[in-house]
Amino acid sequence: MLATDQRLRSNQPVLKNHSIDNLHTLSRLALPYLNPSPRRPDRRMPLLTTSSIGITYGVDIIFSNINVEINERARIGIVGPNGGGKTSLLEILTGGLDPSAGSVKLARGMRVGYVPQAPEMTVSGSLKDEIMTAFDRLKWLEDAMETGARDLDQTNADDDDQVGERYAALLDEYESLGGYSYENTMDRMVEGLGLTQRALQTPAAHASGGERARVALAQALLGEPNLLILDEPTNHLDMKGLAWLERFLTHYPSAVVVVSHDRYFLDRTVNQVWDLDHGGIEHYVGNYSKFRTLKAERALTRQREYAKQQEFIAKEEDFIRRYHAGQRAREAKGRQTRLNRLERIDQVENDRAITLSSRTFQRSDQTVLRTHGLTVGYPDNDPPIELFSVPDMKLERGSRVALVGPNGTGKTTLLATLLGLLPPVSGRITLGRNVAVGYHRQGLDDLDLDTSVLDSMLDAKEMSFGEARSYLARFLFQGEDVFRQVGDCSGGERSRLALARLLVHEPNLLILDEPTTHLDIPSREALEQVLLAYEGTLLFVSHDRQFASLLAQELWVVEDGELQQFLGTFEEWLESDKEKAEEPEAPKKARPSRSRPQQEKKSPSPAADEHMIRIIDGLETRLLEIQLELEEASEQRDLELIASKGEEYDRTKMELDEKLAAWGG
């Protein structure tokens with residue numbers, strides 16, 4: 001009989017009590033047993049391929065003849081205007097939607113993880129219970145191993161080998177799935193995604209949209225799929241969460257396909273872009289910035305080819321018109337035949353985007369808003385809850401201020417307090433004279449879902465039907481679109497309607513809470529141009545770093561229970577935080593401790609996270625380079641080079657481990 005640790009006989013879970021030697025002994029004897037884990041996909045073929053897939057709704061063709069291929073370690077970003085079929089394409093790839101035409105082929109043993117925009121909870125318990133469903137297989141293995149351990153104690157000599165082999169198979173799978181560390185892995189995952197222990201105890205049925213999205217993302221990541229598919233994963237993440245997710249995906253060992261309108265995120269996580277637009281798809285190699293350059297070049301080339309072909313067609317048609325009868329009729333007929341067979345080049349279609357001219361508004365006082373001894377929180381609670389204090393500050397006319405900070409710190413609560421929608425815990429706010437406020441709410445909960453787009457616009461401001469339709473057309477509501485129910489509109493369409501209702505009043509103080517949520521990239525860029533031309537005062541919350549970088553002239557940073565004013569741009573703030581992160585290393589040449597003090601509960605700033613990510617990325621890239629150099633040295637049998645590169649590898653690996661420990665995982 002196989003020797004086992006005496007603790008195996010106790011009532012404690014056997015998976016945590018085997019000696020290492022005995023575990024390895026059992027593992028070597030492991031054979032496939034109950035509920036074998038999924039096969040690894042066949043590495044000789046792509047993970048997924050499509051053949052001429054298309055989707056139609058009624059008479060509307062959303063897209064057609066889509067042929068794509070996803071290989072191991074692929075990093076693919078899907079972009080395109082809202083309504084172009086990005087989510088439908090993802091659902092076809094995951095098997096949740098049957099294509100109207102074509103087929104999808106997956107490699108054998110494929111595990112696909114999918115996080116939709118609005119995930120649904122599957123358990124009746126807490127959010128932690130929902131996340132733990134990612135470990136259902138491990139939980140089953142724990143129970144099976146406990147039963148197997150009892151069988152080992154009770155077996156006779158004849159059944160000894162068979163019972164040992166069964167137990168070894170269970171143990172081998174448990175180890176391969178990370179059974180000894182999965183709870184720690186989950187803790188690091190939820191911390192990186194900004195889910196506090198308190199939030200994890202929230203009943204799943206009562207969780208917010210942001211909490212549900214982060215829980216679904218944690219579930220998918222913990223499932224370690226061969227192909228991870230994400231639909232707008234950045235919508236509910238703060239900047240710290242974004243930095244964590246970017247680093248995680250950069251080093252994730254499997255393929256990733258993501259739909260996102262976050263340009264910073266796409267630049268840092270993808271190396272291919274699929275542009276789904278006008279019913280077709282085009283492939284580009286590179287990150288989002290490279291895609292923009294290549295797409296512009298491709299569009300310019302096609303426009304030139306189109307113009308050249310149109311000039312040729314015009315000349316041919318003129319010839320045919322003049323000589324269709326007479327001596328050159330045969331030649332004219334031949335040209336007509338060739339013209340009929342000519343493959344026509346389509347004219348390049350420009351993306352539809354919000355178009356607004358600059359508008360006039362009443363001039364306010366120089367000081368638009370002022371705070372006096374302000375503390376933000378919930379004064380009606382017993383006892384009152386204080387979120388953070390605000391130094392006495394002024395918001396000057398024409399300034400553009402970004403309010404930044406982690407999720408849950410009270411940014412939206414501050415906006416509500418400044419607007420008088422929520423009383424302060426202490427202190428007061430005063431508005432200057434002639435201040436007309438326009439407020440864009442996060443969540444768009446001021447929209448009536450049971451009315452039409454046109455009626456919603458008319459409710460916002462009295463005007464004629466023609467004026468309302470003309471104004472809505474600037475926000476891409478054209479033709480029959482204006483008669484659609486607001487509840488039937490997509491998130492992006494509702495965001496555009498909310499902006500239309502807001503800007504029609506010509507406010508001189510705009511307060512915007514996540515205005516880019518659900519907007520596609522062309523609409524975000526159009527909104528940026530509108531706000532850059534806006535001559536009023538702007539205060540906004542946004543986790544879109546491109547948006548904040550372009551617009552903010554000043555930052556209000558909510559962190560560690562207080563609000564601090566930073567007189568500079570978003571990029572200058574990132575640079576300032578990066579310098580702060582580097583300061584402890586300056587005084588001594590000796591390497592400082594990389595671990596965070598236990599008593600410190602402060603989260604690293606987004607800028608420090610981004611700086612650390614760049615360092616870690618560089619070290620990991622260098623490790624790969626050294627591995628290649630070692631392989632070449634081995635092929636050449638250069639023992640001296642092998643020794644030196646081995647030492648460099650060890651040094652680099654040690655530095656990388658220290659940086660990872662300092663960064664927090």
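The values are calculated or read from the model by the stated rules, or taken from the named source; none is laboratory data. Keep in mind that this is a model prediction, so the values were computed, not measured. Neighbour counts run over all protein chains shown; Cβ positions are idealised from the backbone, glycine included. With ligands, DNA and RNA removed, areas are computed over all heavy atoms of the protein, side chains included. Shrake-Rupley method; radii C 1.70, N 1.55, O 1.52, S 1.80 Å.
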Going through the range 426-463 in order, the residues found to be in contact with a helix residue (DSSP H, G or I) (Cβ under 7 Å, 6 or more places away or on another chain) and loosely packed, with under 15 Cβ neighbours inside 10 Å are Asp448, Leu449, Asp450
Screening Gln303, Gln309 for residues that are open to solvent by 60 Å² or more (accessible area, probe 1.4 Å), modelled with pLDDT of 90 or more and not in a loop (DSSP other than H, G, I, E, B) leaves only Gln303
Those residues of the range 446-501 which are farther than 25 Å from Gln117 by Cβ and among the basic types (Lys, Arg) amount to Lys461, Arg469, Arg474
Within the range 257-284, the residues that are open to solvent by less than 10 Å² (accessible area, probe 1.4 Å) and small (Gly, Ala, Ser) are Ser260
Scanning the range 230-268 residue by residue, those under 14 Å from Ile78 (Cα atoms) and in contact with a Pro (Cβ under 8 Å, 6 or more places away or on another chain) turn out to be Asp231, Val258, Ser260
| Taking Arg322, is it more than 30 Å from Ile281 (Cβ to Cβ), exposed (fewer than 14 other Cβ atoms within 10 Å of the Cβ) and among the charged types (D, E, K, R)? | yes
Residue set Glu493, Glu506; condition in a helix (DSSP H, G or I), open to solvent by 10 Å² or more (accessible area, probe 1.4 Å) and of a type outside the set (Lys, Arg); output residue Glu493
When restricted to Arg44, Arg75, Arg28, Arg9, the only residue basic (Lys, Arg) and modelled with pLDDT of 90 or more is Arg75
Condition check for Pro99: assigned to a loop (DSSP other than H, G, I, E, B) and either among the polar types (S, T, N, Q) or modelled with pLDDT under 90 (or both) = no
Condition set open to solvent by 50 Å² or more (accessible area, probe 1.4 Å) and in a loop (DSSP other than H, G, I, E, B), scope the range 630-664, selection modelled with the lowest pLDDT: answer is Arg637
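So that you can scan it fast, the table gives a plain yes or no per residue for (1) assigned to a helix (DSSP H, G or I); (2) among the small types (Gly, Ala, Ser):
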residue	(1), (2)
Val123	no, no
Ile131	yes, no
Leu138	yes, no
Asp143	yes, no
Gly148	yes, yes
Asp151	yes, no
Tyr167	yes, no
Leu171	yes, no
Within the range 604-623, of all residues that are modelled with pLDDT of 75 or more and either outside any helix (DSSP H, G or I) or touching a Lys or Arg at 6+ places or on another chain (Cβ under 7 Å) (or both), the one most open to solvent (accessible area, probe 1.4 Å) is Ile615
Of Leu294, Leu266, the only residue that is at negative phi and free of Cβ contacts under 8 Å to residues at least 12 places away in the same chain is Leu294
When the range 44-54 is checked residue by residue, the ones that are without any contact (Cβ under 8 Å) to a residue 60 or more places away in the chain and either touching an Asp or Glu at 6+ places or on another chain (Cβ under 9 Å) or outside any strand (DSSP E or B) (or both) are Arg44, Thr49, Thr50
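Would you point out the residue of the range 539-555, among those that are open to solvent by 10 Å² or more (accessible area, probe 1.4 Å) and part of a helix (DSSP H, G or I), that is nearest to Asp267 (Cα to Cα)?
Gln546
Does the range 185-206 contain any residue that is closer than 23 Å to Gly109 by Cβ and without any contact (Cβ under 8 Å) to a residue 60 or more places away in the chain?
Yes, there is a match, as at least one residue in the range 185-206 is closer than 23 Å to Gly109 by Cβ and without any contact (Cβ under 8 Å) to a residue 60 or more places away in the chain.
Are any of the residues in the range 205-227 hydroxyl-bearing (Ser, Thr, Tyr), open to solvent by 30 Å² or more (accessible area, probe 1.4 Å) and not in a helix (DSSP H, G or I)? Working first, answer last.
Taking the range 205-227 first, the residues hydroxyl-bearing (Ser, Thr, Tyr) are 208.
Cutting the leftovers down to open to solvent by 30 Å² or more (accessible area, probe 1.4 Å) gives us 208.
Adding the requirement that they be not in a helix (DSSP H, G or I) leaves 208.
For the range 205-227, residues hydroxyl-bearing (Ser, Thr, Tyr), open to solvent by 30 Å² or more (accessible area, probe 1.4 Å) and not in a helix (DSSP H, G or I): present.
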Here the residues within the range 241-256 that are open to solvent by 10 Å² or more (accessible area, probe 1.4 Å) and over 28 Å from Met110 (Cβ atoms) are none
(1) modelled with pLDDT of 70 or more; (2) within 21 Å of Gly405 (Cα to Cα); (3) open to solvent by 40 Å² or more (accessible area, probe 1.4 Å) all hold for Glu579 apart from (1)
**Request:** Kindly establish whether Ile626 is within 22 Å of Asp267 (Cβ to Cβ) and either modelled with pLDDT of 75 or more or surrounded by fewer than 19 Cβ atoms within 10 Å (Cβ to Cβ) (or both).
**Result:** no
